[in-house]
Each structure stands twice: as C-alpha cells, then as structure tokens.
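K.L.:
Sharing a structure with you now.
The values are calculated or read from the model by the stated rules, or taken from the named source; none is laboratory data. Note that this is a predicted model, so its numbers are computed, not measured. Here the Cβ positions follow ideal geometry from the backbone for every residue, glycine too, while neighbour counts run over all protein chains shown. Accessible surface is based on the protein model in full, side chains and every heavy atom, while ligands, DNA and RNA are left aside. Shrake-Rupley method; radii C 1.70, N 1.55, O 1.52, S 1.80 Å.
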Amino acid sequence: MEEVLRDRNGNRIGTIQDNGSELVLRDKNGNRCGTYNKSQNVTRDKNGNRVGTGNLLVTLLPR
C-alpha cells in the first residue's frame, strides 16, 4: 500500500509505502528518505541513524 503526501497546493512531495512490518518514506523523486519499524517503534533516516521513537517519517522530508 502507498500513501501519497501532498503540500497545501496539492503538489506531490513524497510517498509512504507500507511493507508490513516497516514504513518507507520516499521523496517526490523516489529517493529513500527513511524508515519506520513498527515492531521496534523506531524511525531511522536514509543512513540508518536512529531519529527517534514513534513514526517521525514526515519530519525527514526535504524542504
């Protein structure tokens, strides 16, 4: 399943793909920005660094 993220003007700014145990955030160009592991309740950036607890994916979108 894929959720499209849009800005206030309706422009596509990214997507979140649900892969069962993990959510994957991609920017508007399809580049991987980060992941959220549901079972561990941890968000990681594109380099695998821990960002925090909970789903913080939208904070990883480039501006």
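K.L.:
For the chain, what is the convex hull volume of its Cα atoms per residue in Å³? Spell out each step's value before the answer.
P.N.:
Details: hull volume 4.9 nm³, N = 63.
Dividing the Cα hull volume of the chain by its residues yields 79 Å³.
K.L.:
In nm, to one decimal, how far is the residue 13 label point from the residue 51 one, both placed 7 Å along Cα→Cβ?
P.N.:
Taking the simple label geometry, residue 13 and residue 51 are separated by 1.3 nm.
K.L.:
Now, a different point. How much area per residue is accessible in the chain when the probe is 1.4 Å and only protein heavy atoms are counted (Å²)?
P.N.:
69
K.L.:
For a quick check: with amide H placed at 1.01 Å from N, whose amide H comes under 5 Å from residue 13's, ignoring anything fewer than 5 positions away on the same chain?
P.N.:
Close amide H contacts, sequence-distant or interchain: 5, 6, 7.
K.L.:
Here is a follow-up. Run the accessible area of the chain with a 1.4 Å probe and give the carbon-and-sulfur part as a rounded percent. If you can, show how the numbers build up before the last one.
P.N.:
Values: 1760 of 4370 Å².
Ligands and nucleic acids excluded, carbon and sulfur give 40 percent.
K.L.:
Could you report the accessible area of residue 12 in Å², rounded to 10, computed with a 1.4 Å probe on the protein chains as they sit in the structure?
P.N.:
Result for residue 12: roughly 110 Å² accessible.
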